[in-house]
There are 2 protein chains.
Amino acid sequence: MARKITVNIIGGGNVATHLIREFLRNPEIEINQFYSRNLDQIKEFEGIAPMINDISLLKPADISIISISDDAVSEFSNQLKHYANLVVHTSGSVSIDDLKTKRKGVFYPFQTFSKAKKEINFKEIPILIEAQNDEDLDLLERLGNIISNDVQVINSKQRMALHIAGVLVANFVNHLYYQADKLLNNNELSFDLLKPLILETAHKILTISPKNAQTGPAIRNDKMIIDKHLKFIDDKNLNDIYRLLSKSIQENK
Amino acid sequence: MARKITVNIIGGGNVATHLIREFLRNPEIEINQFYSRNLDQIKEFEGIAPMINDISLLKPADISIISISDDAVSEFSNQLKHYANLVVHTSGSVSIDDLKTKRKGVFYPFQTFSKAKKEINFKEIPILIEAQNDEDLDLLERLGNIISNDVQVINSKQRMALHIAGVLVANFVNHLYYQADKLLNNNELSFDLLKPLILETAHKILTISPKNAQTGPAIRNDKMIIDKHLKFIDDKNLNDIYRLLSKSIQENK
């Protein structure tokens, strides 16, 4: 067996927590140190490795993973500017150059993480990596391949595009579920009615391109139905959403 | 065994085709006649029952199902105003009162149908019915229960709300998939990267309410990321969509 990879985990949010849990399942990965501003956040890992809340105490490891909120990464990394080993962040929309450390990289697991959910199958989660040289890239590739079957090298611009695409298909899609839920509630109908359609819509995309899968009043240019729907929808935001998405569907035929 | 239910099928589009295929699987249902303006559309059913393209030749059946485009239902039904038996339509956003027949009803299977897809499991598809009296409602309930485990009585206003909700979670969701696909293509990334996230987002909703499942920059009010994303998105429609959906998420916290 190759030498273990040693990692330090910096942060205690959702992504950090899921990564830690996954790393602990793999004997090829050894966690050297945990850092969190608030040690309560990572209490479930007590006894596994030393915990610090003073970043100047960070010891060497092959890879130190900063997994904190996107807008804090750059400033935080400034405190590690003299640190000799590889430091990576886990953010979609933060450039590798925003890290102020000597050796920089990115280790971006592309999935939606909520703290509540205990089990995530990392094997199927794409992990997007970036580094400044082949040696660091190899290190990240090795770490990625231990937990996932899908490790890819992409640059910061591509990662931003991927993050935006993720916002569209996860966050915005969920908001449409929310608006639909609200509409049904106001009409004394259960959200359960939508579940078969939601699943069918998601699964269809595994075999048909979204362009070919498009159905509905907008693509048919069914003005009568669109007008009826707009007249029916009282909620200002939802009315605007209906109008804009119908227009966008029609202009992308 | 109860007496068979006899039906006439009027129309040859996606919904009609899927209904016919499903009816033919069930010996308790007998198709008396097919009507289509264009008999080529329903060629696959030749020999099963007489086919007409002159509606004045329509014979009696327990239920005649008009499954044609929404905006044509009302005018078409006018030709059946002297017809004695129950006539129903299958549309989400057409009121029961738009039928000009003596006995009226609605038989609305709530799913997205594409002609390409051969197999649909009707058992899990909600069927929403409406009629003017208990006798007709019983008839529709019997027909619905033969093919589905989820038959519910709702009124025309509720059905409109459900149809709109369906547009949101199927047609608009698919358009977000499409926009994401385009964005990735422009950045030399594969749509495959999104598939695990798309499935996770849909499946999450089976156990968590959309309100509690909401994640992302908008709900976190992460202005820095939102601004970065808006700056990155060149496409005018997508930029407007990103802006509007982020606003709507924030105003629905």
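The values are calculated or read from the model by the stated rules, or taken from the named source; none is laboratory data. Treat the numbers as computed from the prediction; the structure is a model and nothing was measured. As a convention, Cβ positions derive from the backbone with ideal geometry for all residues, glycine included, and neighbour counts pool all protein chains shown.
So the values come out like this:
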{"quantity": "Residue check, A:Lys104 modelled with pLDDT of 95 or more, over 30 Å from A:Leu168 (Cβ atoms), of a type in the set (Lys, Arg) and not assigned by TED's automatic domain parsing to the domain that holds A:Gly166", "calculated": "no"}
{"quantity": "For A:Asn121: the one exception among (1) more than 19 Å from A:His18 (Cα to Cα); (2) of a type outside the set (Gly, Ala, Ser); (3) surrounded by fewer than 20 Cβ atoms within 10 Å (Cβ to Cβ)", "calculated": "(1)"}
{"quantity": "Test result for B:Gln41, surrounded by fewer than 20 Cβ atoms within 10 Å (Cβ to Cβ) and closer than 26 Å to B:Asn133 by Cβ", "calculated": "no"}
{"quantity": "Some residue of region B:135-153 being touching a residue at least 60 places away in the same chain (Cβ under 8 Å) and within 14 Å of the chain's Cα centre (by Cα)", "calculated": "no"}
{"quantity": "Count of residues meeting criterion [more than 10 Å from chain A (Cβ to nearest Cβ) and touching a Lys or Arg at 6+ places or on another chain (Cβ under 8 Å)] in region B:75-115", "calculated": "18"}
{"quantity": "Residue ranges of helices (runs of 4 or more DSSP H) in region B:134-253 with at least 1 members at the interface with chain A (Cβ under 7 Å from one of its Cβ atoms)", "calculated": "B:156-166, B:173-186, B:195-204, B:210-213, B:223-232, B:236-251"}
{"quantity": "Hits in region B:124-133 (condition: crowded, with 17+ Cβ neighbours inside 10 Å and either at pLDDT below 95 or within 14 Å of another protein chain (Cβ to nearest Cβ) (or both))", "calculated": "B:Ile125, B:Pro126, B:Ile127, B:Leu128, B:Ile129, B:Glu130"}
{"quantity": "Residues of region B:52-74 satisfying the condition of being outside any loop (DSSP other than H, G, I, E, B) and either of a type outside the set (A, V, I, L, M, F, W, C) or within 22 Å of B:Ile147 (Cβ to Cβ) (or both)", "calculated": "B:Ser56, B:Ile63, B:Ser64, B:Ile65, B:Ile66, B:Asp70, B:Asp71, B:Val73, B:Ser74"}
{"quantity": "Pairs, first part of a helix (DSSP H, G or I) in region B:38-49, second modelled with pLDDT of 90 or more and among the polar types (S, T, N, Q), C-beta under 6 Å, six or more apart", "calculated": "B:Leu39/B:Asn53; B:Ile42/B:Ser36"}
{"quantity": "Residue within region B:175-184 that is surrounded by 21 or more Cβ atoms within 10 Å (Cβ to Cβ) and basic (Lys, Arg) present", "calculated": "no"}
{"quantity": "Flag if B:Ser77 is of a type in the set (Ser, Thr, Tyr), at pLDDT 95 or above, buried (at least 19 other Cβ atoms within 10 Å of the Cβ) and not in a loop (DSSP other than H, G, I, E, B)", "calculated": "yes"}
{"quantity": "Any hit, region B:81-99, residues being touching a residue at least 24 places away in the same chain (Cβ under 8 Å), loosely packed, with under 14 Cβ neighbours inside 10 Å and over 19 Å from B:Arg37 (Cα atoms)", "calculated": "yes"}
{"quantity": "Any hit, region B:197-209, residues being in contact (Cβ under 8 Å) with a residue 40 or more places away in the chain and surrounded by fewer than 23 Cβ atoms within 10 Å (Cβ to Cβ)", "calculated": "no"}
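Let's see how each residue does on (1) buried (at least 19 other Cβ atoms within 10 Å of the Cβ); (2) within 20 Å of the chain's Cα centre (by Cα); (3) without any contact (Cβ under 8 Å) to a residue 12 or more places away in the chain:
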site	(1), (2), (3)
B:Thr6	no, no, no
B:Asn14	no, yes, no
B:Phe23	yes, yes, no
B:Ala61	yes, no, no
